[in-house]
Amino acid sequence: MELKYGASREKPREDAAMQRFRGHRVGQFIHWGLYALPAGRWEGKDVEFAAEFLPRVAKVPQQRWEALANDFTLADFDAERWADTAVALGARYMTITTKHHDGFCLWPSAHTDFHMGNTPSGRDVLGELVAAYEARGIDVNFYYSVLDWRHPDWRFTLENDADNLAFARYLDFAMKQLEELAERYPSVKGFWFDGTWDESVKANGWWTWEVERMLKERLPGVVVNSRLRADDLGARHVDSNGLLMGDYESGYERRLPEPWDRSVAARDWEACMTIPQASWGYHQGPWAQSTLKHPWDVVDMIAHCTSLGGNFLLNFGPRGDGSMAPAEVEIARTVGEWLAVNGEAIYGCGYAEGWDYPGWGYFTRDSSTGKVFAVVTRAPASGRIRLELPTGLELVGLRLLGSGEYPFKGLADSVFEVELGGASNAGPRVFAVETSALAHPASEKEPNPDVLD
Ligand code: FHN
């Protein structure tokens, strides 16, 4: 079908900027805005919903929400300390909410008065963060919510001419803000769009196409997520011809693909994840604080994404005073210590073609050297794993990352057993798997039932 505003290419991008993004694998997401001040509590009551939705869920009068800007004093904000948590995590990029659904901007925007410049400190938080992260070699991407609860011209649906006119003004405003971001922070590496699911945006696929075009023209190499895009017919992420729009698929939110679904590996993609069960902004109540993920679950998700060629973006919700939540810093530290030992199996790695999903964890493959890794995130109670190689290969060496050569036992052609020993305090074990072709390959294995429809 002929589309004016559909996908711009059939195959994944292979330029250096895209390869860099693809190799990152681990990113730090940050949701920070006025919602960090009430942190999920309004008029003394915990509101059991994502903290950034508080103004809607608690029906906070607009004036009172805007007045929070007077208390956004940044008493304990230090961009350098935030960037240190990303280093501790082992993140290779960071994506920050420049504007979330409430419309508040973390930079002094010339197109609204609802921004950082009009808070007591007047500091350009975004500029400080870009400088601090980039000084540590960490790429910065900008999250931007197209949905804007505050702007008078925002519309969820377009019912009449007046709505169309208002929404056209809104799209113009959002375009200007995006141009402003590109101009003020030209080192930004990517844009992450959100809040594009409403009928109003879907009816204006041309605008999403134009935004992508504008950003790519002004910022060569910039990487844009699929969530921005709608085509001529309102199809989102993937156009009406089945082709991905934007540079990578960004629909996996608080969920990951099935680990055996190798079809996912054909595209670039990224999953984003909260540390508490369901809040992106900092939520102080037990509803959120009693649901924080275990660092080894985070490691499992990182390996899971890598094994299917995706990036993992772990969200942090700093507190209203600008400090990072200690529990989140601690998780970052533990995950980062694991990555410092085992990152060889993650950074620059992806889908290991021919290696079936093993159930006890994941296989990943280094995209440049071809080395395969076995990441054991769910060791069986027996303390042993069966290592099944693709037909025709045999195991000639096993190296436990952070340690050294490791013993194994042959069970059959291409099937080996590895004794893990007791539980490890250092988290999931990773083995570098060295193989060679079997001298006398056996007949084809039975297919893996997990991947049969
Ligand atoms: O509503 C937002 C939510 O607050 C958060 O920003 C997430 C991050 O992926 N996106 C939206 C929901 O899809």
Here the residues of region 302-321 lying in the modelled label zone of ARG81, meaning backbone nitrogen under 20 Å from a point 7 Å along Cα-to-Cβ, are 315-321
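In whole percent, how big is the carbon plus sulfur part of the accessible area of region 1-104, probe 1.4 Å, protein atoms only? List each step's numbers first, then the result.
Values: 2250 of 4680 Å².
The nonpolar share, carbon plus sulfur, comes to 48 percent.
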Hydrodynamic calc, region 9-66: Kirkwood Rh from Cα pairs, then Stokes-Einstein at 37 °C with viscosity 0.692 mPa s, so D in µm² s⁻¹ is 225
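Taking all protein chains together and a probe of 1.4 Å, list LEU178, LEU400 from the most accessible to the least accessible. Walk me through the numbers before you get to the answer.
Working: LEU178 0, LEU400 25 Å².
Putting LEU178, LEU400 in descending order of accessible area: LEU400, LEU178.
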Taking a crude spin-label model, label points 7 Å out from Cα along the C-beta direction, the ARG255 to ASP297 distance in nm is 1.7
Rounded to the nearest 10 Å², the accessible area of GLU405 using a 1.4 Å probe with every protein chain kept is 140
Rounded to the nearest 10 degrees, the helix 161-184 long axis (Cα) sits at an angle to the longest Cα principal axis of the chain of 60
So, with points 7 Å from each Cα along the Cβ direction, the ALA412-ARG333 label distance in nm works out to 4.8
Taking Cα atoms only, helix 125-135 is inclined relative to the longest principal axis of the chain by an angle, in degrees rounded to 10, of 30
Counting only protein heavy atoms and rolling a 1.4 Å probe, one gets per residue an accessible area for region 304-453 in Å² of 44
For TRP280 the rounded accessible area (nearest 10 Å², probe 1.4 Å, non-protein molecules ignored) is 20
Of 390-396, 373-379, ordering from highest average Cβ density within 10 Å down gives 373-379, 390-396
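What pairs from LYS371/LYS409; LYS99/LYS189; LYS45/LYS202 go past 26 Å between their alpha carbons?
Working: LYS371/LYS409 21 Å; LYS99/LYS189 17 Å; LYS45/LYS202 36 Å.
Where the Cα-Cα span goes over 26 Å, the pairs concerned are LYS45/LYS202.
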Taking protein heavy atoms only, a 1.4 Å probe, and rounding to whole percent, the accessible area of region 154-301 owed to carbon and sulfur comes out at 49
Once THR112, THR95 are ranked on solvent-accessible area with the largest value leading and a 1.4 Å probe, the list reads THR112, THR95
Longest principal axis of the chain (C-alpha) makes with the long axis of helix 326-342 (C-alpha) an angle, in degrees to the nearest 10, of 40
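Give me the percent of the accessible area of region 333-420 that comes from carbon and sulfur atoms, probe 1.4 Å, all protein chains in place.
On the way: 1860 of 3800 Å².
Here carbon and sulfur together make up 49 percent of the probe-accessible area.
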At R0 = 22 Å the Cβ-Cβ FRET efficiency linking ARG384 and SER263, nearest 0.05, sits at 0.10
Here the percent of antiparallel bridges among DSSP beta bridges lying wholly in region 16-348, to the nearest 5, is 15
Site ASP232, offset 7 angstrom along Cα→Cβ, radius 14 Å on amide nitrogen, limited to region 1-38, gives 1-8
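For the full complex of protein chains and a 1.4 angstrom probe, list VAL224, VAL238 by accessible area with the highest value first.
Numbers: VAL224 0, VAL238 40 Å².
Ranked from most to least accessible, the order is VAL238, VAL224.
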All alpha-carbon distances of region 16-348, grouped into 10 Å bins from 0, give the whole-percent distribution 6, 27, 36, 25, 6, 0
Using a 1.4 Å probe on heavy atoms of the protein chains only, the accessible area for MET301 in Å², nearest 10, reads 30
Here, chymotrypsin sites (Phe, Trp or Tyr not before Pro) of region 180-237 satisfying both criteria (DSSP loop; at most 14 other Cβ within 10 Å) are TRP197
Length-normalised contact order of region 16-348, Cα under 8 Å, at least 6 apart, in percent, tallies to 25
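The values are calculated or read from the model by the stated rules, or taken from the named source; none is laboratory data. Computed from a predicted structure; not experimentally measured. Cβ: placed from backbone, ideal geometry, glycine included. Neighbour counts: every protein chain shown. The protein model used for the area step is the full one, side chains on, heavy atoms only, and it has no ligands, DNA or RNA in it. Shrake-Rupley method; radii C 1.70, N 1.55, O 1.52, S 1.80 Å.
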